1. Going by a ≥ b ≥ c, the root eigenvalues of the Cα gyration tensor, does region 4-120 fall in the rounded group (a/c under 1.5), the prolate group (a/b larger than b/c) or the oblate group?
2. Using each residue's phi in region 206-214, evaluate 6.51 cos²θ - 1.76 cosθ + 1.60 at θ = phi - 60° and report the 3J(HN,Hα) Karplus result to the nearest Hz, with x for Gly and Pro.
3. With just the Cα atoms defining each centre, how far is region 1-74 from region 159-216? Give it in Å.
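Each value in this text was obtained by applying a stated rule to the coordinates, not by laboratory testing. Not measured: the values here are computed from a predicted model.
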Amino acid sequence: MTVRLVLADDHRMLRESLRRSLEDEGLDVVGEAGTGEEAVSLAGQVDPDVVLMDVTMPGAGGVAATRQIRDRFPDVKVVMLTMHADREVVAEALAAGASGYLVKDCSIDEIADTVRRAADADQSPLSKEIAASMLAEIQRLGVDTGADEERVITKREEEVLQLIADGCSTPEVAARLYISQKTVKNHLASIYQKLDARDRTQAVLQAVRMGIVHLR
């Protein structure tokens, strides 16, 4: 499928350059925003699959805009663009619901690949970069992940979520547990509900906080 993309960055020249390059990669750029408020508004108007969001913008910044988009339009994924790989900013972006992040000196190929993976979140594995930032946030918050928690998800759901935390995609989880991909997706839907999570990244983050799974 063709991914519908909104570009959100306050630098017009950068947006225009990104638009040309990403359209050459086969992505469908359906809108551009220069502020966080515009990005939120466009997310509701043009029904994108993904918003490529700059962290620093006038008005509501990228993190606040991400939180609003994920709250109001949960099917829309957000990939953050940052000038520097600041783990504190990345942790805030993950907590707001971002599905990924990129540093601005990355290649167009990397951007296109990350956007496609975010759009196909049921299939894509949890990236090592996201996992590292999640672990950094846990450590920053001083959360004890070794304490025994009352079981809130089933043993099978724990197995599914641990494999997701290990970086497995949905097909890989299915193969390792000898179950169908549909069953994996059903388990994930149950996990999201029980852990009050939007997607697999949020579910793993919450499960690590609770000591249910571990990042290795």
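1. Note, shape of region 4-120 comes out rounded.
2. Karplus-based 3J(HN,Hα) across region 206-214 equals 5, 5, 5, 4, 8, x, 7, 10, 9 Hz.
3. So the separation of the two Cα centres works out to 28 Å.
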